[in-house]
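Below: one structure, written as structure tokens.
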Amino acid sequence: MYDGNDIETIKSILKENKSIAVVGLSANWNRPSFFASKYMQQKGYKIIPVNPRYSEILGEKCYKSLLDIEEKVDIVDCFRRSDDILPIATDAIKIKAKVLWMQLSVFNEDAANLSRNAGLKVVQDRCVKIEHARLFGGLNWVGVNTKIISAKKIN
């Protein structure tokens, strides 16, 4: 079954879509959602925070839900538990997003099937920051250990 996790699909998603609504974005600088969003923002993507706890994150207005966003959303990036994804997928369809992206260790086949049937591309168990860095350069950014290059002396 098509899952959107092949390299060419991910590459085209990241090339063609420039606005990312990040559901569950934290204002805490050391949380993965903050780090990934800051990276993508610095790479030219429009980050739209979605978290009812905050009014602003990364200099952007924060929304309580996807349905409150008044601008175009291309990618809905989910930093939520797998069990929380189905209502997010429903809202992503309502706002006419193009992609439902579930972060590392997040899987929800019901949400994925619903989204695919509505015409959205779906990515599961992938980090948008890691995929962007891997495909377009940027793995040197702090936060990703590629296990390829090391300053550790080998005896």
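The values are calculated or read from the model by the stated rules, or taken from the named source; none is laboratory data. Note that the structure is a prediction, hence the values are computed from the model and not measured. Virtual Cβ from ideal backbone geometry, glycine too; neighbours counted across all protein chains shown.
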Sole residue being of a type in the set (A, V, I, L, M), in contact with a helix residue (DSSP H, G or I) (Cβ under 6 Å, 6 or more places away or on another chain) and either at pLDDT 95 or above or surrounded by fewer than 22 Cβ atoms within 10 Å (Cβ to Cβ) (or both), chosen from ILE7, ILE57, ILE85: ILE85
Residue within the stretch 32-51 that is surrounded by 18 or more Cβ atoms within 10 Å (Cβ to Cβ), in contact (Cβ under 8 Å) with a residue 12 or more places away in the chain and more than 13 Å from the chain's Cα centre (by Cα) present: yes
Filter pass, ALA97 being assigned to a loop (DSSP other than H, G, I, E, B), modelled with pLDDT of 95 or more and in contact with a Leu (Cβ under 7 Å, 6 or more places away or on another chain): yes
Considering residues of the stretch 10-31 that are under 21 Å from ARG81 (Cβ atoms) and β-branched (Val, Ile, Thr) only, the residue surrounded by the most Cβ atoms within 10 Å (Cβ to Cβ): VAL22
Residues of the stretch 100-152 satisfying the condition of being among the hydroxyl-bearing types (Ser, Thr, Tyr) and at pLDDT 80 or above: SER105, SER115
